[in-house]
Amino acid sequence: MNTFYKLIQGDCIKKLPDLEPNSIDLIVTDPPYHIEQQGKVTKQKGKIVSTAEAWGHWTDESFSDYDGMIKGFIDESKRLLKEGGSCYLWLDRAKIGLYWKYIEDIGLVPKNAIIWVKTQPMPHFRKNNYRSAYEQCIWYAKGSPKTFNFLDQSEMKNVYHANNTTRTTPHPTEKPLDLIKWHIEVSSARGDVVLDPFMGSGTTMMAAQELGRSCIGVELNPVYVEVIKKRCYGRTFLDRVSDYDFPGAER
């Protein structure tokens with residue numbers, strides 16, 4: 001089966017309705033967590049900076065209705081997924097319960113929570129709380145999952161340990177490539193179509209390419225669209241790319 005790769009620049013809540021219903025086998029996505037605050041810090045380009053400074057562009061009016069954005073995406077995921085398709089939705093841990101219930105309420109099926117344990121978590125400089133050493137996602141399905149490739153018992157725990165300090169792009173919340181490949185390998189088959197509506201650094205598309213899956217990505221920020229172009233479309237085996245879907249792309 002021929003694979004294809006499509007990148008769309010724009011707001012996914014506006015762009016996803018253009019996609020055909022029941023056309024997606026798997027969604028893997030990592031939306032903004034909306035947790036940026038002056039009192040919290042992160043590491044960017046080797047420096048310790050406030051999350052507000054690092055992620056401030058996520059606080060603009062595009063994300064003023066964060067709850068509406070996430071619920072709008074979940075609604076679209078139900079329309080887009082094939083029967084038996086599934087989704088890995090990464091969220092701030094404080095919001096997992098809220099959206100788990102919403103997923104149930106609209107007739108989708110939460111299957112499990114997946115935890116990424118960071119092997120090198122940020123130090124806690126104020127020493128007045130525990131270090132933040134994990135992130136969490138909801139794995140849910142449209143009905144009973146049609147594909148679930150159970151790997152070795154040691155690989156099939158819902159806790160994944162991975163380095164959180166190695167980044168290959170300027171994106172401040174780039175997920176480890178092997179983590180995203182794990183989702184794709186378990187919950188899709190070769191030739192399936194994977195969607196990432198909040199593509200960010202392009203990790204989902206790169207993982208899909210390496211595993212022989214097609215991929216559609218949507219990214220709002222034109223800076224990160226350029227990052228994805230350089231990271232994914234410059235690779236030697238991308239002569240199979242069928243559509244870039246943004247202005248000025250070279251064929």
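Provide the solvent-accessible area of ASP75, counting protein heavy atoms only and rolling a 1.4 Å probe, rounded to the nearest 10 Å².
It works out to around 70 Å².
Once you have the alpha carbon radius of gyration of the stretch 174-234, what is it after dividing by 2.2 N^0.38 Å, with N set to its residue count?
On the way: Rg = 10.8 Å, N = 61, 2.2 N^0.38 = 10.5 Å.
Normalised Rg, Cα atoms only: 1.03.
Kindly provide the Kirkwood hydrodynamic radius of the stretch 123-238 in Å, to one decimal, from all pairs of distinct alpha carbon atoms.
Radius from the Kirkwood sum: 16.0 Å.
Counting only the heavy atoms of the protein chains, how much of HIS161 is accessible to a 1.4 Å probe, in Å² to the nearest 10?
120
Can you give the accessible area of MET69 in Å² (nearest 10), computed on protein heavy atoms with a 1.4 Å probe?
In the full protein context, MET69 sits at about 20 Å².
My understanding is that a pair violates if its Cα-Cα distance is over 29 Å; which of LYS111/LYS230; LYS14/LYS229; LYS142/LYS229 do that in this structure? All intermediate terms of the calculation are to be shown ahead of the outcome.
Numbers: LYS111/LYS230 35 Å; LYS14/LYS229 22 Å; LYS142/LYS229 31 Å.
Check vs 29 Å cut-off fails for LYS111/LYS230; LYS142/LYS229.
Excluding ligands, DNA and RNA, what is the solvent-accessible area per residue of the stretch 173-229 at a probe of 1.4 Å, expressed in Å²? Intermediate results must be reported in sequence, preceding the final value.
Numbers: 1400 Å² over 57 residues.
Averaged over the residues of the stretch 173-229, the accessible area is 25 Å².
Could you put TRP100, TRP139 in order of accessible surface area, largest first, with the 1.4 Å probe and the full protein assembly present? It would help to have the intermediate numbers written out before the result.
On the way: TRP100 75, TRP139 25 Å².
Largest accessible area first, the residues go TRP100, TRP139.
Taking a ≥ b ≥ c as the square roots of the eigenvalues of the Cα gyration tensor of the stretch 146-195, is the shape rounded (a/c under 1.5), prolate (a/b larger than b/c) or oblate?
Details: a/c = 3.33, a/b = 1.43, b/c = 2.32.
Since a/c reaches 1.5 but b/c is at least a/b, the shape of the stretch 146-195 is classed as oblate.
The values are calculated or read from the model by the stated rules, or taken from the named source; none is laboratory data. All values reported here derive from a predicted model rather than from experimental measurement. Protein only, heavy atoms only, side chains kept; ligands, DNA and RNA dropped before computing areas. Shrake-Rupley method; radii C 1.70, N 1.55, O 1.52, S 1.80 Å.
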